[in-house]
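A short reminder: the numbers here are calculations on the coordinates, not readings from a lab. Just so it is clear, the model here is predicted, and its values are computed rather than measured. Neighbour counts are summed over all protein chains in view; Cβ atoms, including those assigned to glycine, are modelled from backbone coordinates with ideal geometry.
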Amino acid sequence: MKQEDNERILCLCLNITTGDIRRAVGAGAKTFSEVQRITRCAKSCGMCADVVKEELVRLLAEQ
Ligand code: FES
């Protein structure tokens with residue numbers, strides 16, 4: 001895994017990165033709701049929800 005991958009910002013409103021989603025998955029999150037509860041992603045404008053969901057699927061497949 002490249003370092004810059006972890007630093008990629010997925011949620012511009014709340015400055016949430018791939019690394020933040022990765023940590024949420026590491027803490028046991030398996031659904032978008034669980035990731036959202038941990039990171040607060042997509043709680044502002046909501047535009048990032050689909051991108052975060054895609055990233056979650058990718059990270060879960062990596063496990
Ligand atoms: S970009 Fe994530 S809530 Fe706006």
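Structure summary
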{"item": "Shape category assigned to region 3-62 from the gyration tensor of Cα positions, a/c cut at 1.5", "result": "oblate"}
{"item": "Near-label residues of region 18-62 by backbone N, under 15 Å of a point 7 Å along Cα→Cβ of residue 4", "result": "18"}
{"item": "Whole-Hz couplings from phi, Karplus 6.51/-1.76/1.60, listed for region 24-37; x for Gly and Pro", "result": "4, 5, x, 7, x, 5, 10, 10, 4, 4, 5, 5, 5, 5"}
{"item": "Ascending count of other beta-carbon atoms within 10 Å, so fewest first, for 57, 35", "result": "57, 35"}
{"item": "Mean separation of Cα contacts under 8 Å, 6 or more apart, over the residue count of region 3-63: relative contact order %", "result": "32"}
{"item": "5 angstrom amide H check on residue 10, placed H, neighbours 5+ away", "result": "16, 17, 18"}
